Every structure is written in C-alpha cells, then in structure tokens.
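First up is the structure itself, then whatever we jot down about it.
The values are calculated or read from the model by the stated rules, or taken from the named source; none is laboratory data. Keep in mind the model is a prediction, meaning the values are calculated, not measured. In this analysis, Cβ positions are derived from the backbone assuming ideal geometry, glycine residues included, and neighbour counts consider all displayed protein chains.
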Amino acid sequence: MHRDIFPAYHARSCHYNLLFPMKADTAIIARAVTKRYGSLTALDSFDLEVERGTIFALLGPNGAGKTTLIRILTTLMRPTSGEAFVSGLNTARQGREIRRQIGVVPQENSLDRYLTARENLELHARLHTMEPKKYRRRIDELLELFGLAGRQHDFPDTFSGGMQRRLVVARALIHEPMVLFLDEPTTGLDPQSRRAVWDYIRSIAGRMTIFLTTHYLEEAEQLCERIAIMDHGRLITIGSSAELKAQLTGGATYEIEFADRAELFAEALRRMSCVGSLEIADRVVTVKLERWECLAEVVSALNGAELRRISLREKTLEEVFISLTGKGVRE
Amino acid sequence: MNLRGAIAIWRRDMLVLRRSIFSELVAVVAYPLTIYLAFGIGMQGYIGPVDGVSYGLFIAPGLITMTAVNAAYNESVWSLWFHRKVQFTIESYRVTPISVSEIVIAKILSGFSHGLVKGLAVALVIFAITPFRFPLTSLVAYLAFLIPGSALFSCAGVISGTLMDKPETIGRVEAVLIMPLIFMSGLFFPLSSYPPAVASLVRLLPTTALFEGARQTLVNGSFSIPFSASLYLFAAAAFAAALLIFRSKLAE
C-alpha cells in the first residue's frame, strides 16, 4: 500500500539527507543516537545503517540497549541526542509518516483478549486508516498465510503461544509495511513454533526490510544477512555471520577421536606448548590450538595412535557473542 | 485533528461493551437500586419530605447521576490501566499512525458512553418501580448536566488510569476521593444541612454543580446556569489535564 507513496516522503526528507548523506538503498540510519535515563546511559552515540530489503539482526545481552533503540526507531521514544531515520524520515519530526510505513512486533504479544483474532486485525487496519473493502481482503490473505483462518473468530486467549505470536506478526503486516521491526519474536516459543515463525519471516524477506532483535544466536544466523552485536549501549561489531566468526581471534579447535588409548595421547598433547586447552570425553579429545599452524606438530605427536577422526570444530556465533560481551550474567 | 483512530478505538470499546452488556447492567443497576430500596423506600417513612418533596424523589436524580459518573470513571480508569499495564494494547496503538491525543479522546468517549448507557439503565429501573415522572423538557435539560458530568468523570478516570500503576492505588483513589466528593455534594441530603461557611465551599465542588444542578432540573424544573457553566468549565479543564498527563506519562 505504501510503496507508491514512499517516494513522496523520501523527496520531502531530502534536506535531512544533505546533513546526513543517505544511500537510496538504506532503510534505517542511526547517527550518534544517545539515550539517557537519569544517570544511566542506555544508548551511547550509537551509529547504525541497515540496507533496504535485508534481514538484519541486533544482538546483545539483557540491558544492552536493543529495546531502547527499537523504541526510538519506532517513534515511541525520543533520543536524548543524535538522530535516527527510517525510510529517510526523521524519527523525531516525522513520527506519524514513519508509523504508516512500519510494522512492529513487540516483545509482549499485546493482543486484545476481548477481540477475536479477526477483530484484532480489523482494529489495526482501521488504525492504519485502511478502507474496509481493502482490509477485509488483506485480513483473509494474512489469516490464510499464517494458518489462522480456521480460528479467526476465536479469542487469542484460547490460542497457543505460537499462534498468538503468528497473529501479532500478521497484525504488524496488515498495512504492508516497508520496514518490519521484530523485538525478540520467538522468545518463549517451542522449537516447532519458532521454526514456523522463521519460515514466515523468510517468506516475506526481500519484500521489506526486517529489523530483528533476538537472544537466539541460531535465529540470527539462520535468518539474517547482517548481524550487529551491541553492549552497554554501544555498537561492538557488525557484519555477516561468517565475517563475525572470522573476527574471533586465536587458534582453531579440533576434535580428535581415538580408537583406544585416548588418555595416553591426551597427556602427550597437554604437554605441547601450542595447545591452549584440552578436554577429554570418552575417546574424543578436544584441543584448542594457540595457532592453527601448529596442527602439524599435533599430528606428529599422534604418531602411532589409531585415529578414527580429526575434525575442525566450526566457530559459533555464540563464541563470538560471548567473547565480545563477556560471560557475566546480566540483570 | 483526524479522529479516525479515536473512533476506531471507541468502536472497539463499544463492541466489547455490547458483548457483556447484560452482565454489566445487572452489576451496575444492583448498587443504586439497593440504595434506593433502602433509603428511598425503606427509610422514606422515617425521614419525611426534604425540600418539599418525598425523600425517594429527592435522591432519585442523584442515584441516576451517580451511576452514570461512576460508570464513566470506572470504565476510563480500569480500561486505561488494563490496556497500559496488563494487555499493552496502548503500546500497540502507538505504533500506528494515530496520535496520543486520539487515544485519550477515545478512552474519554468510551467512559462517557458507558456512563450514559448505565445511567439510562438505572433511570429506567427507577422510573419503572416508582410513580415519579419528569417532563420531557426537564429530561432534556438534565442531559446538560449528565453529559459534562460523565465527561468530567471520564477524564478523571483517564488521569487516574494514567498515573496509577498499581490496581490497589486506583481503588484507594476511588475510596478517598471520588466517593467522598459524590457524597459530600448533597446526594442524600440538602446543602442547607451544612453550616453556611461549609456550604459555600461545597458549592464550589464540581460534584455539587453536577448533583445539585441535576436535582434542581429534574425535581424543581429549574435550570441552574452557574452550576451548568461551572460543570462545563471543570470538564474542559479535566480534558486538558488528561491530555497533558497522558502525553507526559507516555513520553517518560
């Protein structure tokens, strides 16, 4: 619906672009965005750019500032300083125009339990000033797409967590937004429901920019082309999953499976200077090498051993995340 | 200001009211009806005429008005609190292209509508069980008090529902502020019962303008312009305050 009116908004916001040169294919920009609550700084000169039409994930531990950033981008909150733009529109000055173009899936389901699934969608269509003829057809499509057509006249209280979440996503898509914000969309869902939500997100990818925050690193890895990690209100790193893993310094981790005498060879490996750490579980020895180049030394040390397997263990996004944000539990 | 968003939320509230209208009305009518049966009928013989009319007739306009304004207050306060703190629907409205003012207006309209519907229900019951009949002109004039009165209490409900984060605080406000204001304004007794100095202060209360003005209109057939004007002024001020407080709360 709003694709056709977007160029007009973009043209209107050109004077902002003179101040903050914005590429035509950029959907979201944050420039030195700072948000303070008294003495607490939730966002600290935060800079970010998200390309149009991509799926972007923002990761961070609890209290990192993810939700504050989403609230600023969705015009629910004003930054203390700095500026943010969504589809070329300034969040501080063009809130209503931005809200026409965005869909938001908040952390809480925020469904109206006194309205049926269909009535929930109808209410939001009216809030987006859609005409009945248009929204009735759109609601039929969405209910069908999200597998809720058979339950459209039931109240959300009677739905499973996964169905409620799907209804919230459907509600956010009712007006065909240009940018979809998903704040921890699968938190609390069972693996099946989580994968169903992923499938829906993938199915709509490309048609809109998707900005996602999540605690599930696998989710970010599965869905997103670009991933940013933030902590203490600051952006720490940004890139594709592979780029982030490549940033993880240090050597490689190998798993060596022995046919027998694993303890004996593990002891020999432990004495080697280039072995950083070593763990043994049954007949599998996991060694972390200081440098990958010392693999040759390891292989020499295993001379005479009956080996079943030597494999390189892939670095995980979780390792990147922990290495950047620390192991401490956040309140 | 575009009110399409406000109307959409008001329609939602009316749909929910329609679904539960019978159970709501039973609860709403029971309280004033019990008071009426106890005081207006049971105690009437012991109390005798007040200001030249039977005690039952004296308190009837106040009971109808009390039902309406209580319903307006309760709907606004609980609806706003529930949608803000429990269901988070206010948050979901705020990411659509409607303004914060439209949300406030919708909630005030909903409280006001609840007040009118429930006040009317009590009026019909009281008319059904008593011989009191009011001229049509008095009934129309009475609306000049009931409408701003319901709007005033609806705004008060929006303010409470915005400021109070705990449900028990909402209950306390009702117990220590709303009900005393209603009872002090001469719902069950004439203002002449107060010492003159106190009476002149009580006359300044918006609830006195509402209850005394409503009674004079229905029982005596006289229309008090000062009471009516004062009530509209209070309602306008409460509306401005509700808008301001709701906006600043959401900006926090």
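Would a scan of region A:144-151 turn up a residue that is more than 14 Å from chain B (Cβ to nearest Cβ) and among the aromatic types (Phe, Trp, Tyr)? Walk me through it before giving the result.
Looking only at region A:144-151, we keep the residues that are more than 14 Å from chain B (Cβ to nearest Cβ), and these are A:144-151.
With the extra rule that they be among the aromatic types (Phe, Trp, Tyr), the set shrinks to A:146.
Within region A:144-151, one or more residues are more than 14 Å from chain B (Cβ to nearest Cβ) and among the aromatic types (Phe, Trp, Tyr).
Looking only at region A:39-46, decide whether some residue is in contact with a helix residue (DSSP H, G or I) (Cβ under 9 Å, 6 or more places away or on another chain), within 14 Å of another protein chain (Cβ to nearest Cβ) and at pLDDT below 95. Yes, there is a match, as at least one residue in region A:39-46 is in contact with a helix residue (DSSP H, G or I) (Cβ under 9 Å, 6 or more places away or on another chain), within 14 Å of another protein chain (Cβ to nearest Cβ) and at pLDDT below 95.
Considering A:VAL168, A:VAL197, A:VAL179, the condition of being surrounded by 19 or more Cβ atoms within 10 Å (Cβ to Cβ) and without any contact (Cβ under 8 Å) to a residue 40 or more places away in the chain is satisfied by A:VAL197 alone.
Taking the criterion of being exposed (fewer than 12 other Cβ atoms within 10 Å of the Cβ) and modelled with pLDDT under 80, would at least one residue in region A:273-284 satisfy it? The answer is no, given that none of the residues of region A:273-284 is exposed (fewer than 12 other Cβ atoms within 10 Å of the Cβ) and modelled with pLDDT under 80.
Residues in region B:22-60 that are part of a helix (DSSP H, G or I) and without any contact (Cβ under 8 Å) to a residue 12 or more places away in the chain: B:PHE22, B:SER23, B:VAL26, B:ALA27, B:ALA30, B:THR34, B:LEU37, B:ALA38, B:GLY42, B:GLY45, B:TYR46, B:ILE47. For region A:103-126, residues that are at the interface with chain B (Cβ under 7 Å from one of its Cβ atoms) and touching a residue at least 24 places away in the same chain (Cβ under 8 Å) total 8. Would you please list the contacts, defined by Cβ atoms under 8 Å and residues six or more apart or on different chains, that run from a residue in region B:74-99 that is closer than 29 Å to B:MET179 by Cβ to a residue that is in a helix (DSSP H, G or I) and of a type in the set (Lys, Arg)? Between residues of region B:74-99 that are closer than 29 Å to B:MET179 by Cβ and residues that are in a helix (DSSP H, G or I) and of a type in the set (Lys, Arg), the close pairs are B:SER76/B:LYS107; B:SER79/B:LYS107; B:LEU80/B:LYS107; B:ILE90/B:ARG84. For region B:197-252, a tally of residues being surrounded by fewer than 17 Cβ atoms within 10 Å (Cβ to Cβ) and within 14 Å of another protein chain (Cβ to nearest Cβ) returns 5. A:GLU218: surrounded by fewer than 20 Cβ atoms within 10 Å (Cβ to Cβ), within 13 Å of the chain's Cα centre (by Cα) and within 24 Å of A:ILE72 (Cα to Cα), yes or no? The answer is no for A:GLU218. For region A:201-215, the candidate set comprises residues that are of a type in the set (Ser, Thr, Tyr) and surrounded by 19 or more Cβ atoms within 10 Å (Cβ to Cβ); within that set, the residue that is modelled with the lowest pLDDT is A:THR214. Among residues of region A:91-102 being of a type outside the set (A, V, I, L, M, F, W, C) and more than 7 Å from chain B (Cβ to nearest Cβ), the one that is farthest from A:LEU212 (Cα to Cα) is A:ARG93. Filtered by the rule that a residue be farther than 30 Å from A:ALA32 by Cα and touching a helix residue (DSSP H, G or I) at 6+ places or on another chain (Cβ under 7 Å), region A:90-118 gives A:ASN109, A:SER110, A:LEU111, A:ASP112, A:ARG113, A:TYR114, A:LEU115, A:ALA117, A:ARG118.
Assuming A:ALA84 fulfils every condition listed in (1) small (Gly, Ala, Ser); (2) modelled with pLDDT under 95; (3) within 22 Å of the chain's Cα centre (by Cα) apart from one, which condition is it? Of (1) small (Gly, Ala, Ser); (2) modelled with pLDDT under 95; (3) within 22 Å of the chain's Cα centre (by Cα), only one is false for A:ALA84: (2). Inside region B:59-105, can you point out the residues that are more than 14 Å from chain A (Cβ to nearest Cβ) and either in contact with a Cys (Cβ under 8 Å, 6 or more places away or on another chain) or under 24 Å from A:LEU180 (Cβ atoms) (or both)? Passing the criteria: only B:SER76. Kindly indicate whether A:LYS35 is within 13 Å of another protein chain (Cβ to nearest Cβ) and within 30 Å of A:ASP231 (Cβ to Cβ). Spelling it out, A:LYS35 is indeed within 13 Å of another protein chain (Cβ to nearest Cβ) and within 30 Å of A:ASP231 (Cβ to Cβ). In the set (1) more than 14 Å from chain A (Cβ to nearest Cβ); (2) more than 16 Å from B:PRO61 (Cα to Cα); (3) in contact with a Lys or Arg (Cβ under 9 Å, 6 or more places away or on another chain); (4) not small (Gly, Ala, Ser), the condition left unmet by B:VAL26 is number (3).
Against the definition (crowded, with 22+ Cβ neighbours inside 10 Å, small (Gly, Ala, Ser) and more than 14 Å from chain A (Cβ to nearest Cβ)), how does B:ALA6 come out, yes or no? The answer is no for B:ALA6. Note on region B:205-224: residues that are at pLDDT below 90 and of a type in the set (Val, Ile, Thr) total 1.
For residues that are farther than 22 Å from A:PHE46 by Cα and crowded, with 22+ Cβ neighbours inside 10 Å, tally how many sit in region A:77-98.
Final tally of qualifying residues: 1.
Looking only at residues in region A:53-90 that are within 12 Å of another protein chain (Cβ to nearest Cβ) and not hydrophobic (A, V, I, L, M, F, W, C), the one that is nearest to A:THR26 (Cα to Cα) is A:THR74. Return the total of residues in region A:127-138 being within 28 Å of the chain's Cα centre (by Cα) and either more than 9 Å from chain B (Cβ to nearest Cβ) or in contact (Cβ under 8 Å) with a residue 12 or more places away in the chain (or both). Final tally of qualifying residues: 2.
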